[in-house]
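Take a look at the structure below.
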Amino acid sequence: MADLLFEIGCEELPASFIQPALETLRHEAERALSDARLRVGEVRAYGSPRRLALVVAGLADRQAPRVTEVRGPAAAAAFDAEGRPTRAAEGFARSRGVTADALVRRQTDQGEYVFARVEEPSVEAGQVLPELLRGLVERLRFPKSMRWDQSGLRFARPIRWLVAVLDGRPLPVEAAGLRAGTASRGHRLLAPGVVEVDAASYLERLRERRVLADPQERREEVRRQAEAVAARAGGRLLAREGLLDEVAGLVEWPSALEGHFPEAYLELPDPVLVTPMEAHQRYFPVAGPDGRLQNRFVAVSNGDPGEAAVIVRGHERVLKARLADAAFFYREDLERSLEERVAELAGMSFHGGLGSFLEKTARLEALAQGLAAALDLPEEEQAHFLRAAHLSKADLVTHMVYEFPELQGVMGREYARAQGEPEPVAVALEEQYRPRGAGEPLPETRPGALLAVADRADSLAGAFVAGLTPTGSQDPYGVRRAALGILAILEARGLDLALPRLVRRALEGYGPRVEGLGLERIDALEAEILDFLRQRMRGVLLERGYRYDLVDAVLSARFEQVPEVLARLEAFQRWAGGESFDAVRTAFGRVANLVAQARSKGKAGAVPGEVVPELLQDPAERELARAFGETRREVTPLLAARSYGPALEAMASLRPLVDRFFDEVLVMAPEPELQANRLNLLGQMTAFFDQVCDWRRVVEA
């Protein structure tokens with residue numbers, strides 16, 4: 001077994017490029033080594049702003065042998081009547097490098113054929129790896145790439161060196177116009193120059209040269225140093241995980257430094273201070289024992305710690321200028337109320353063809369009216385919700401949000417508080433943008449949650465009206481995020497909003513833009529949006545581990561209220577683990593399939609009507625009709641109360657009678673009136689069962 005080191009040295013990569021590139025490098029390496037029949041023990045990826053590296057432990061010295069069987073001509077054509085190989089067999093054998101005597105006969109689904117067993121030669125790893133490693137460089141992809149040299153290779157930054165070492169021996173790898181060697185580079189400022197490395201010594205030799213190549217180690221070192229600096233005056237580091245990741249991607253040898261800014265700025269709202277520090281300067285804010293911000297920050301430098309004083313003065317000067325601008329914008333914005341700014345939204349385009357943000361505000365107010373009525377909100381809560389909808393986009397035309405777009409909603413909340421708006425209104429203005437990303441906090445108040453749902457529903461409808469639906473993995477207008485946000489909020493808050501009505505109201509809000517499309521097209525858009533939401537819901541549920549067939553069956557039967565769908569699926573999945581499940585599935589699925597087939601043929605009764613008792617001639621159908629009527633009366637209140645477990649148990653009691661019915665009754669009787677009556681009975685049962693799921697989509701457990 002051998003150990004391999006492969007390093008790509010380059011100019012400083014953007015922090016956000018490093019981790020995805022390392023994941024791709026490791027994944028592609030594992031795939032390529034497997035395809036090359038080279039067994040490995042462990043594949044690890046390391047990286048910093050100036051390097052992406054691969055360390056493979058326990059690499060096989062040679063490829064694993066491989067024997068493949070290749071099918072040739074039919075046995076009848078390969079051998080004559082006396083069993084001698086024909087010219088067809090000899091030609092096939094020759095083409096595969098074997099003799100005709102080595103061919104074997106085997107029976108297949110298409111008849112008897114001859115096969116050749118071909119042994120592929122085993123090659124040393126050192127001969128396979130150069131081309132394999134060059135391919136890894138060429139397959140790396142970044143959000144932005146360019147050609148930096150005559151080789152034509154596209155890469156995020158110019159490649160300056162390559163290292164390829166197999167058990168201490170260099171490999172002749174060539175890429176980007178460079179030939180790999182055994183020497184890496186130390187820290188650009190603290191330990192410039194080359195350093196000899198191999199797989200075993202890689203991390204330690206670079207550490208000696210002031211480079212922490214392990215991203216996780218570097219991240220923890222950033223946290224450790226920053227927390228120590230913050231704690232000097234009893235402070236507590238405010239370290240977002242995302243900021244820790246970003247800072248760790250900006251440095252190779254972190255050095256945490258303490259800086260200060262004038263105390264007078266502490267009079268500003270926290271977001272006005274924190275955003276310039278985090279988003280623009282990548283500094284960590286510091287809070288005191290009372291939880292309030294201190295006039296201190298922690299900056300992490302990649303420079304010479306001996307020049308700390310100079311570096312800190314530079315950071316302080318830059319931050320002071322940023323905060324001075326923020327303070328000026330904040331005070332200027334307070335000169336005019338949010339109410340006064342609403343009219344200015346007329347000059348701000350929401351999207352080409354979808355009007356201005358003032359028009360969007362009017363649509364949100366109309367949606368809010370409908371949602372408030374649907375949920376029968378208390379008078380005060382309704383007033384807060386409608387007021388928040390009216391002011392929802394007013395902060396977009398403030399100086400602060402223009403300068404710091406990530407503060408939309410946040411500044412709406414701060415300005416609303418400063419201008420005396422009710423606290424629920426202020427909170428809703430910020431919560432309308434939650435969740436701001438995957439895994440981010442959801443709205444905590446009902447007005448905030450409803451405003452967030454209305455905002456996303458309007459954007460979703462607008463995207464479909466304008467033809468901006470996502471394609472492939474691309475989602476430039478955040479349509480998938482909007483859909484997932486709606487579903488997450490409705491679930492978390494337990495809001496029983498009917499999705500079809502929500503989507504229809506959102507479409508109707510676009511007025512003339514959709515009215516001109518005609519009723520048929522509006523109906524089609526509604527169906528498309530609901531299916532889009534259904535597919536997002538399906539993905540979420542599959543990720544949680546629900547059975548795919550149960551998810552499809554539940555969503556196909558009814559998809560209206562998110563909390564109801566989840567309650568129905570949870571009960572169904574629990575019940576599906578029972579012993580009687582497969583028998584019930586078979587019986588109820590047979591009912592549903594027969595009705596669907598009759599409906600496709602236009603049979604009378606396929607669209608269920610009333611069952612005529614006098615036409616129930618067979619004892620089996622009379623007993624089934626009687627039991628079904630009793631079960632329906634028992635189950636209907638259970639379904640209304642979302643007691644799906646007991647409802648399913650009651651429905652399952654019909655299974656023996658359904659089996660008997662199909663054994664003893666001819667559904668498609670020659671008498672039209674009997675046939676229609678029996679289809680009516682089965683159609684009513686199918687419609688009733690569909691209140692839980694579409695049984696045709698359930699497969700055997």
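The values are calculated or read from the model by the stated rules, or taken from the named source; none is laboratory data. Keep in mind it's a predicted model, so treat the numbers as computed, not measured. For neighbour counting, all protein chains shown are included, and Cβ atoms are generated from backbone atoms with ideal geometry for every residue, glycine included.
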Would you tally the residues in segment 427-448 being among the small types (Gly, Ala, Ser) and surrounded by 24 or more Cβ atoms within 10 Å (Cβ to Cβ)? 2
Could you grab me the full set of residues in segment 538-597 that are more than 30 Å from Asn677 (Cα to Cα), among the basic types (Lys, Arg) and surrounded by 15 or more Cβ atoms within 10 Å (Cβ to Cβ)? Arg538, Arg547, Arg568
Filtering segment 332-368 down to residues that are small (Gly, Ala, Ser), modelled with pLDDT of 95 or more and either under 13 Å from Thr398 (Cβ atoms) or not in a helix (DSSP H, G or I) (or both) yields Ser337
Of (1) part of a helix (DSSP H, G or I); (2) surrounded by 13 or more Cβ atoms within 10 Å (Cβ to Cβ), Ala527 satisfies all except one. Which? (2)
Scan segment 186-229 for residues that are assigned to a loop (DSSP other than H, G, I, E, B) and either under 25 Å from Leu243 (Cβ atoms) or not basic (Lys, Arg) (or both) and report the count. 18
Show me the helices (runs of 4 or more DSSP H) found entirely inside segment 1-118 where at least 2 residues are outside the structural domain of Asp149 (by TED's automatic domain parsing) and out of contact with any Pro (no Cβ under 6 Å at 6 or more places or on another chain). 75-78, 87-95
If you check every pair at least six apart or on different chains, which have Cβ atoms under 7 Å apart with a residue in segment 186-204 that is within 19 Å of Leu54 (Cα to Cα) first and a residue that is assigned to a strand (DSSP E or B) and acidic (Asp, Glu) second? Ala199/Asp3; Ala200/Asp3
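Quick grid of which residues meet (1) within 30 Å of Arg157 (Cβ to Cβ); (2) surrounded by fewer than 21 Cβ atoms within 10 Å (Cβ to Cβ); (3) more than 39 Å from the chain's Cα centre (by Cα); (4) modelled with pLDDT under 90:
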position	(1), (2), (3), (4)
Leu54	yes, no, no, no
Thr68	no, yes, yes, yes
Arg87	no, yes, yes, yes
Glu90	no, yes, yes, yes
Ser95	no, yes, yes, yes
Val98	no, yes, yes, yes
Leu103	no, no, yes, yes
Selection from segment 495-524 of residues in a loop (DSSP other than H, G, I, E, B) and more than 13 Å from Glu560 (Cα to Cα) yields Gly509, Tyr510, Gly511, Gly516, Leu517, Gly518
Report, ordered by the first and then the second residue, all pairs with beta carbons closer than 6 Å, sequence separation of six or more or different chains, a first member in segment 224-245 that is farther than 11 Å from Ala287 by Cβ, and a second member that is of a type in the set (Asp, Glu). Val229/Glu258; Leu243/Glu278
Could you go through segment 504-519 and let me know if any residue there is surrounded by fewer than 16 Cβ atoms within 10 Å (Cβ to Cβ), modelled with pLDDT under 95, more than 22 Å from Gln573 (Cα to Cα) and among the acidic types (Asp, Glu). yes
For Val692, only one of the following conditions fails: (1) within 19 Å of Ser580 (Cβ to Cβ); (2) assigned to a helix (DSSP H, G or I). What is its number? (2)
Residue ID - nearest to Ala299 (Cα to Cα), chosen from residues in segment 325-351 that are among the aliphatic types (A, V, I, L, M) and touching a residue at least 40 places away in the same chain (Cβ under 8 Å): Ala326
